[in-house]
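A.B. asks: Here it is, the structure in full.
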Amino acid sequence: MANLLVLGTQWGDEGKGKIVDLLTPAFEVVARYQGGHNAGHTVWVRGRKIVLHLIPSGILHPGTLCVIGNGLVLSPAAFFKETDDLEAQGVDAGPARVAVSRGVHLIMPWHPLSERVSEDRRGDKKIGTTCRGIGPAYEDKAARLGVRAGDLTDLRVLREKIADNVAAKDPVFRAFGLPALDAEAVYREYAGWAEKLGPYLRDVSELLDERMKRGENILFEGAQGALLDLDHGTYPFVTSSSSTAGGAATGLGVGPRTIHGVLGITKAYTTRVGGGPFPTELEGELGRTIAARGDEFGATTGRPRRCGWFDAVAVRYACRVNGVDRIALTKPDVLAGLGEIPVCTGYRYKGQVLKSFPTEPWILEKVVPEYRRLPGWSESLHGAADPGSLPQTFVDYVRVLEDLVETKVAIISTGVERGQTVFFPSELGGFVDLARVRAAEAV
Ligand code: GDP
Ligand code: IMO
Ligand code: MG
């Protein structure tokens, strides 16, 4: 039995959805541990595109149980929109397939409203959030005001908690000229969700423990990326949850030793959506060309993603913070045909070369990246699945990245579809049962 943690090593959108869907056949359970419907995980199956926001990216494999841990924040409206969309496409997303932790915090109607006010107040310092109410829901969790899914199972408790929240927030809402909060209307809406959500609710920690005792394999799924982590990211330009490896244990109620391996999903270049520092950003035509070739538009908000060169300082940091064992390198096909490919190997700051990643935006905004220019390759990588078919210049490029980030590459993704993937079995062997993945691919 081996449980694998899959997470992003940059600022999100590394291609986690594709890789989680691809590897799922080797696991009985896929369990997400943080974030909410700020995430957008794209999966393509035989020309059909499916974007998942809250539901784990294992849902397209009928035998797999998908788990939403206590570490997430859940909007019931977004959850049921997603289950309805999946059902409409013939995917069962009912309680037999999806389990939701009783400890998950609910996004309430006041969360997106107050988020818009706080983003506006920041002016040019705004974070550029997805405005889904994610941050304010985590604020209430930390403030011990939050409403949890388990509270839906006793309507008296639910009514009282909503009343307490409205009493606490109403003066603030009034001060900002927002509409008055109607506790009774919110109660009626959430009492309605209570009936629908009830069958999904589980003690997730106990459920995972039982499954592991039966010898089942768990894939722990991270959303966002290491540099958006609340503690280890480029604070305050981060999301409000623990997207790094430590979040998996607290976000699901499992011990740290249940995680047997960590696979870091890493894009062959860098992207970022929203505000915040980005040392290797390409602000001109080349950045826009890469964005167009890589289809770099937010899967949740549709915003164009900022693009830049691969930043080995940032990814080496992410590998350390998460204890990444192996990397899945995604989207190198987008870089084909460039004469040379610069890779950032260090930052120059106040006359010194920084070898490790500073998370402070006021430092990152001033660093000057140092680049090593690697020869590009002219051959298309698109759709490659055989390691022997990869051009030598590209293989050399991968070896340099491995050295710079001090971590081996075990998977190379060369397109959006499951089959467009190169595996290096000797690197992946201990973490994923490749025979099960390959058997499913063949179906
Ligand atoms: P996630 O949030 O990490 O799951 O990533 P997103 O789904 O937000 O963004 C990744 C985008 O890249 C999606 O549109 C994927 O379909 C696409 N993608 C994933 N892997 C590859 C790849 O190897 N090559 C190309 N060209 N596109 C890819
Ligand atoms: P996936 O899982 C990329 C960014 C937002 C914003 C910041 C805070 O698809 O990789 P939030 O709404 O979370 O409070 O916004 O975090 N962000 C993401 N960027 N991919 C994501 O998820 C993201 N989720 C949040 O753009 O800069
Ligand atoms: Mg995404």
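The values are calculated or read from the model by the stated rules, or taken from the named source; none is laboratory data. Computed from a prediction, not measured in an experiment: that's the story for all the values here. We place every Cβ from the backbone using ideal geometry, glycine too, and count neighbours over all the protein chains shown. What goes into the accessible areas is simple: the full protein's heavy atoms, side chains included, and nothing from ligands, DNA or RNA. Shrake-Rupley method; radii C 1.70, N 1.55, O 1.52, S 1.80 Å.
A.B. asks: Go through the stretch 225-236 residue by residue and turn each phi into a ³J(HN,Hα) via Karplus (6.51, -1.76, 1.60, θ = phi - 60°); whole Hz please, and just put x for glycine and proline.
C.D. replies: x, 4, 7, 9, 5, 4, 8, 9, x, 8, 3, x
A.B. asks: Just from its helices, what would the mean residue ellipticity at 222 nm be for the chain, if runs of 4 or more DSSP H residues each count -39500 (n - 2.57) and the sum is divided by every residue, rounded to the nearest 500 deg cm²/dmol?
C.D. replies: It comes out at -10000 deg cm²/dmol, rounded to the nearest 500.
A.B. asks: Please list log₁₀ I(q)/I(0) at q = 0.06, 0.07, 0.08, 0.10 Å⁻¹ for the chain, using the Debye equation with identical point scatterers on the alpha-carbon positions.
C.D. replies: Taking Cα atoms of the chain as identical point scatterers yields -0.25, -0.34, -0.45, -0.70.
A.B. asks: How much length would be gained if the chain were fully extended between residue 292 and residue 260, taking 0.36 nm per residue of separation minus their Cα-Cα distance, in nm to one decimal?
C.D. replies: Details: separation 32, 0.36 × 32 = 11.52 nm, distance 3.73 nm.
Answer, rounded to one decimal: 7.8 nm.
A.B. asks: Then there is this: From the C-alpha coordinates alone, can you work out the Kirkwood hydrodynamic radius of the stretch 338-443, in Å? Don't jump to the answer; show the numbers that get you there.
C.D. replies: Working: mean 1/r = 0.0609 Å⁻¹.
Evaluated over the stretch 338-443, this radius sits at 16.4 Å.
A.B. asks: Mind giving me the nanometre distance, one decimal, between the label points for residue 434 and residue 301, set 7 Å out from Cα along Cα→Cβ?
C.D. replies: With each label point 7 Å from Cα toward Cβ, the separation is 3.9 nm.
A.B. asks: Same structure again: Listed here are the pairs 126/196; 18/350; 126/350; 141/408; which of them are more than 31 Å apart at the Cα?
C.D. replies: Among 126/196; 18/350; 126/350; 141/408, the Cα-Cα distance tops 31 Å for 126/196; 18/350; 141/408.
A.B. asks: Continuing with the same structure: What's the magnitude of the charge dipole for the stretch 215-326 around its Cα centre, counting Lys and Arg as +1 and Asp and Glu as -1 at the beta-carbon? Answer in Debye, nearest 20.
C.D. replies: Values: 11 positive and 11 negative charges, 23 e Å.
Here the size comes out at about 100 debye.
A.B. asks: So how exposed is residue 53, as accessible area in Å² (1.4 Å probe, rounded to 10)?
C.D. replies: The accessible area comes out at roughly 50 Å².
A.B. asks: Still on this model: Working from Cα positions, state the angle (0 to 90°, nearest 10) between the long axis of helix 155-175 and the longest principal axis of the chain.
C.D. replies: Approximately 80 degrees, to the nearest ten.
A.B. asks: Further question: Hey, what's the per residue convex hull volume over the C-alpha atoms of the stretch 240-370, in cubic angstrom?
C.D. replies: 136 Å³
A.B. asks: With only Lys, Arg, Asp and Glu charged, each at its Cβ (+1 for the first two, -1 for the last two), find how big the charge dipole of the chain is about the Cα centre; round to the nearest 20 debye.
C.D. replies: With only Lys, Arg, Asp and Glu charged at Cβ, the dipole is about 440 debye.
A.B. asks: Rounding to the nearest 20 debye, state how big the charge dipole of the stretch 1-95 is about its Cα centre with +1 on each Lys and Arg Cβ and -1 on each Asp and Glu Cβ.
C.D. replies: Roughly 200 debye for the stretch 1-95.
A.B. asks: Under 1.5 on a/c is rounded, so check that first for the stretch 75-219, then, if it is not, pick prolate when a/b is larger than b/c and oblate when it is not; a ≥ b ≥ c are the square roots of the alpha carbon gyration tensor eigenvalues.
C.D. replies: prolate
A.B. asks: Given the options 44, 6, 67, identify the residue whose Cα lies farthest towards the positive end of the charge dipole of the stretch 1-82 (+1 on Cβ of Lys, Arg; -1 on Cβ of Asp, Glu).
C.D. replies: Farthest towards the positive pole: 44.
A.B. asks: Still on this structure, please answer the following. Using a Gaussian network model of the chain whose springs link C-alpha atoms within less than 10 Å, name the residue from 231, 396, 311 with the highest mean-square fluctuation.
C.D. replies: Comparing 231, 396, 311 in a Gaussian network model of the chain, the most mobile one is 396.
A.B. asks: Can you run phi through the Karplus equation (6.51, -1.76, 1.60; θ = phi - 60°) for the stretch 340-346 and list ³J(HN,Hα) in whole Hz, with x for Gly and Pro?
C.D. replies: Per-residue couplings from phi come out as 9, 10, x, 10, 7, 10, x Hz.
A.B. asks: First compute the accessible area of the chain with a 1.4 Å probe, then give the percent of it belonging to carbon and sulfur atoms.
C.D. replies: Carbon-and-sulfur percentage of accessible area, whole number: 51.
A.B. asks: While we're on this one: Checking the a/c ratio against 1.5 first, then a/b against b/c, what shape does the Cα gyration tensor give for the stretch 160-244?
C.D. replies: oblate
A.B. asks: Give me the angle, in degrees from 0 to 90, between the Cα long axis of helix 392-405 and the longest principal axis of the Cα atoms of the chain, rounded to the nearest 10.
C.D. replies: The helix 392-405 is inclined about 50 degrees to the chain.
A.B. asks: If R0 is 51 Å, what FRET efficiency do you get for residue 392 and residue 88 from their C-beta distance, rounded to 0.05?
C.D. replies: The value I calculate is 0.65.
A.B. asks: Using the basic label-point model (7 angstrom from Cα toward the beta carbon), what is the residue 184 to residue 424 distance in nanometres?
C.D. replies: For residue 184 paired with residue 424, the spin-label model returns 6.5 nm.
A.B. asks: Can you give the % of DSSP beta bridges in the stretch 222-365 that are antiparallel, to the nearest 5? Before the final figure, lay out each step's value.
C.D. replies: Numbers: 8 of 15 bridges.
That works out to approximately 55 percent antiparallel.
A.B. asks: I would also like to ask the following. Please work out the ratio of the alpha-carbon Rg of the stretch 165-317 to 2.2 N^0.38 Å and round it to two decimals.
C.D. replies: In units of the 2.2 N^0.38 Å rule of thumb, it is 1.41.
A.B. asks: How large is ³J(HN,Hα), in whole Hz, for each residue of the stretch 258-263 in order, when computed from phi with the Karplus curve 6.51 cos²θ - 1.76 cosθ + 1.60 and θ = phi - 60°, using x for Gly and Pro?
C.D. replies: 7, 8, 9, x, 10, 9
A.B. asks: A further question follows. Using only alpha carbon pairs under 8 Å that are at least six residues apart, calculate the relative contact order of the stretch 282-436 and give it in whole percent.
C.D. replies: The normalised contact order for the stretch 282-436 reaches 24 percent.
A.B. asks: Given H placed 1.01 Å from N in the peptide plane, which residues other than close sequence neighbours of residue 383 have an amide H under 5 Å from its amide H?
C.D. replies: Under 5 Å from the amide H of residue 383: 414, 415.
A.B. asks: Would you be so kind as to identify which of 194, 23, 349 lies farthest towards the positive end of the dipole of the chain, taking Lys and Arg as +1 and Asp and Glu as -1 on Cβ and the Cα centre as origin?
C.D. replies: After comparing all options, I get 349.
A.B. asks: Take every DSSP beta bridge with both residues inside the chain and express the antiparallel ones as a percent of the total, to the nearest 5. Don't skip to the answer; put the middle values down first.
C.D. replies: Values: 25 of 61 bridges.
Among the beta bridges of the chain, antiparallel pairing accounts for roughly 40 percent.
A.B. asks: While we're looking at this one, here's another question. How much length is gained on full extension from residue 153 to residue 216, taking 0.36 nm per residue of separation minus their Cα-Cα distance?
C.D. replies: Length gained, residue 153 through residue 216: 19.7 nm.
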